[in-house]
């Protein structure tokens with residue numbers, strides 16, 4: 001048996017020869033679930049490192065926005081599939097970059113590439129929000145009173 005394993009290499013497997021004539025065969029192939037877990041772990045790692053580098057504390061009230069490029073569809077799908085896990089780990093509200101509103105103040109933003117997949121993470125804080133419609137209506141009513 002030992003000779004057959006040494007003579008015939010198996011793809012995605014590694015044979016470990018132990019004492020007393022036993023051989024352990026490890027399956028090192030990655031299924032889709034394992035790949036997704038790795039992509040999700042890498043995304044969380046990037047968020048945590050960016051938080052540390054930006055000096056953002058866990059108790060700070062921030063929002064996290066992410067933009068996945070076209071070449072990052074598998075990372076985006078993995079993060080979405082594990083959304084509950086990601087949110088419970090980073091402990092902050094998370095959104096797509098397209099959802100970012102203009103009243104939010106950007107704390108930091110950084111672009112990343114992992115296994116040919118490009119994405120950008122941005123941290124923001126709440127800023128002053130102005131209701132433009134109400135402000136214009138107020139200005140119009142004041143102009144009518146003064147006229």
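If the chain between residue 44 and residue 70 were fully stretched, how many nm would it gain, using 0.36 nm times the residue separation less the Cα-Cα distance? Intermediate values should be presented prior to the final figure.
On the way: separation 26, 0.36 × 26 = 9.36 nm, distance 1.98 nm.
Here the segment from residue 44 to residue 70 would lengthen by 7.4 nm.
Could you calculate the contour length gain from residue 110 to residue 88, that is, 0.36 nm times the residue separation minus the distance between their Cα atoms, to one decimal place in nm?
Value of the extension gain: 5.7 nm.
Taking R0 as 22 Å, what FRET efficiency do you get between residue 96 and residue 139 from their Cβ-Cβ distance, rounded to the nearest 0.05?
On the way: r = 34 Å, r/R0 = 1.54.
The pair residue 96/residue 139 has a calculated efficiency of 0.05.
List 114, 43 from most exposed to least, where exposure is judged by having the fewest other Cβ atoms within 10 Å. Don't skip to the answer; put the middle values down first.
Details: 114 15, 43 26.
Ordered by Cβ neighbours within 10 Å, fewest first: 114, 43.
Sort 82, 110 so that the residue with the fewest other Cβ atoms within 10 Å of its own Cβ comes first and the one with the most comes last.
By the 10 Å Cβ count, ascending: 110, 82.
Stokes-Einstein D for region 32-125 at 10 °C, 1.306 mPa s, Kirkwood Rh over Cα pairs, in µm²/s?
Translational diffusion coefficient: 119 µm²/s.
Readers should treat all values here as calculations from the given coordinates under stated rules, not as data from a laboratory. No experiment lies behind these values; they were computed from the predicted model shown. Note that each Cβ is placed from the backbone with ideal geometry, even for glycine, and that neighbours are counted across all protein chains shown.
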